[in-house]
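Supplied in C-alpha cells, the structure appears directly below.
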Amino acid sequence: MTIQISFWTIGFILSLAVIVMLVSYIRYLLKQLTFVSTNLIDLNNEAVSFAAHLKSIYELETFYGDETLHGLLEHSIYFTSKIEDFAVIMDLTADPSIEEEEEDEQQEEQDDEAENEPKFKANQEVFYAGTRRRDS
C-alpha cells in the first residue's frame, strides 16, 4: 500500500491548520476586547459617580461658587464625555435592558429638573410697593 499525497491534500492540510490558528487567535482577541469593554464600563461608571459626587459638594452652601471646584466639575464632565466616546466598545458587553432603564431614569431626571425650574416671562411686569422718588 502506497499513500499518495497530492498537492491538493497538502494544501487542504495547510489551510485547515491556518484556519484553526486564526479561529484560536480570534477567540483570544474577543476575550481581550470583552475585558477592555468591561473595564471601560466600570471606568465610565466611576467617572459618572465622581462627577455626581463633586456636583453635590459644589452645590453645598459652603462651597457654592468656588472656582476650583467649578473647574474640577467641568473637567470631570469633560472626562466622562471623552470616555463615552468609546461607547461602541462598551456596548459589546452591556445588557440592553440595563441601558433602557438608565435612559428612562435620565429622562425622568431631566423631566423633574424641567418641572422644578422657575418659569419667567420675558415681558414680566414689576410692581413697586411705594412711590418712587427721583434723586436728581
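Tell me, please, whether a residue that is in a helix (DSSP H, G or I), surrounded by 11 or more Cβ atoms within 10 Å (Cβ to Cβ), of a type in the set (A, V, I, L, M, F, W, C) and in contact with a Phe, Trp or Tyr (Cβ under 9 Å, 6 or more places away or on another chain) can be found in region 57-70.
Looking for residues that are in a helix (DSSP H, G or I), surrounded by 11 or more Cβ atoms within 10 Å (Cβ to Cβ), of a type in the set (A, V, I, L, M, F, W, C) and in contact with a Phe, Trp or Tyr (Cβ under 9 Å, 6 or more places away or on another chain), one finds at least one in region 57-70, hence yes.
Please identify the pairs in which a residue from region 19-44 that is farther than 20 Å from ASP85 by Cβ has its Cβ atom under 7 Å from the Cβ atom of a residue that is of a type outside the set (Lys, Arg) and surrounded by 10 or more Cβ atoms within 10 Å (Cβ to Cβ), counting only partners at least 6 apart or on another chain.
Qualifying pairs under 7 Å: none.
Please pick out the residue among TYR25, TYR78 that is under 20 Å from GLN106 (Cα atoms) and either surrounded by fewer than 12 Cβ atoms within 10 Å (Cβ to Cβ) or of a type in the set (Phe, Trp, Tyr) (or both). Please lay out each step first, then the result.
Numbers: TYR25 fails: under 20 Å from GLN106 (Cα atoms).
Going through TYR25, TYR78 in turn, the sole match is TYR78.
Scan region 1-43 for residues that are among the hydroxyl-bearing types (Ser, Thr, Tyr) and in contact with a Leu (Cβ under 8 Å, 6 or more places away or on another chain) and jot them down.
Residues satisfying the conditions are THR34, SER37.
Taking the residues in region 28-56 that are of a type in the set (Ser, Thr, Tyr) and surrounded by 11 or more Cβ atoms within 10 Å (Cβ to Cβ) as candidates, determine which candidate is nearest to THR68 (Cα to Cα).
SER49
Which numbered condition trips up ILE5, out of (1) surrounded by 11 or more Cβ atoms within 10 Å (Cβ to Cβ); (2) assigned to a loop (DSSP other than H, G, I, E, B)?
(1)
Throughout, read-outs are computed from the coordinates displayed, never taken from laboratory work. All of these numbers come straight from a predicted model, not from anything done at the bench. Glycine gets a Cβ as well: all are built from the backbone with ideal geometry, and neighbour counts include every protein chain shown.
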